[in-house]
1. State, as an integer percentage, the relative contact order of the chain based on alpha-carbon contacts under 8 Å between residues 6 or more apart.
2. Once semi-axes √(5λ) of the Cα gyration tensor in Å is worked out from the coordinates, which option in [x] 36, 12, 9; [y] 27, 17, 15; [z] 19, 16, 12 does it equal?
3. Based on DSSP H runs of at least 4 residues, each adding -39500 (n - 2.57), what is the mean residue ellipticity at 222 nm of the chain after dividing by all its residues, to the nearest 500 deg cm²/dmol?
4. Could you sort out which of 25/71; 38/79; 7/79; 45/65; 6/47 sit more than 20 Å apart by Cα distance in this structure?
5. Where nothing but the Cβ of Lys and Arg (+1) and of Asp and Glu (-1) is charged, how large is the charge dipole of the chain around its Cα centre, in debye to the nearest 20?
6. Per residue, how much accessible surface does the chain expose to a 1.4 Å probe? Answer in Å², no decimals.
7. Considering only protein heavy atoms and a probe of 1.4 Å, how much of the accessible area of the chain is carbon and sulfur, as a whole percent?
8. Could you tell me how many degrees, from 0 to 90 and to the nearest 10, lie between the Cα long axis of helix 21-39 and the main elongation axis, the longest principal axis, of the Cα atoms of the chain?
Amino acid sequence: MNVVKKKRNYRKEYDNYHGRPDQIKRRDSRNAARNALKKRGVPVKGKDVAHRNGNPRDNRPSNLKVVSKTKNRSYARTKTAGKVNRRS
């Protein structure tokens, strides 16, 4: 059984999603949250900084938590990539 994997088109992915202005703002805000926790001395190496309410633009310290990458990326998502349980 030979399965031929189609080669990813990274340029298309960037143009269609990663390069959109709203996605750039969300990514910038996620990076700012990570840097803010690092600056406060919280160990974040090898972990993800999760936003409790699921909003990457909300960087209040009470909304941020450090979790394993597996845990942060395992939450059930809606079709629009929002968390099913936004309080997770």
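1. Working: 71 pairs, mean separation 18.9, N = 88.
About 22 percent, as a whole number.
2. Checked against the structure: label [y].
3. Estimated from H runs of four or more residues: -8500 deg cm²/dmol.
4. In this structure, 25/71; 38/79; 7/79; 6/47 exceed 20 Å between Cα atoms.
5. In total the dipole reaches around 200 debye.
6. Values: 7260 Å² over 88 residues.
So the chain comes to 83 Å² accessible per residue, rounded to a whole number.
7. Here carbon and sulfur together make up 51 percent of the probe-accessible area.
8. With rounding to tens, the tilt is 40 degrees.
The values are calculated or read from the model by the stated rules, or taken from the named source; none is laboratory data. Since we're looking at a predicted model, the values are computed, not measured. Cβ: placed from backbone, ideal geometry, glycine included. Neighbour counts: every protein chain shown. For the accessible areas, the whole protein counts, side chains as well, though only heavy atoms, and no ligand, DNA or RNA atoms are used. Shrake-Rupley method; radii C 1.70, N 1.55, O 1.52, S 1.80 Å.
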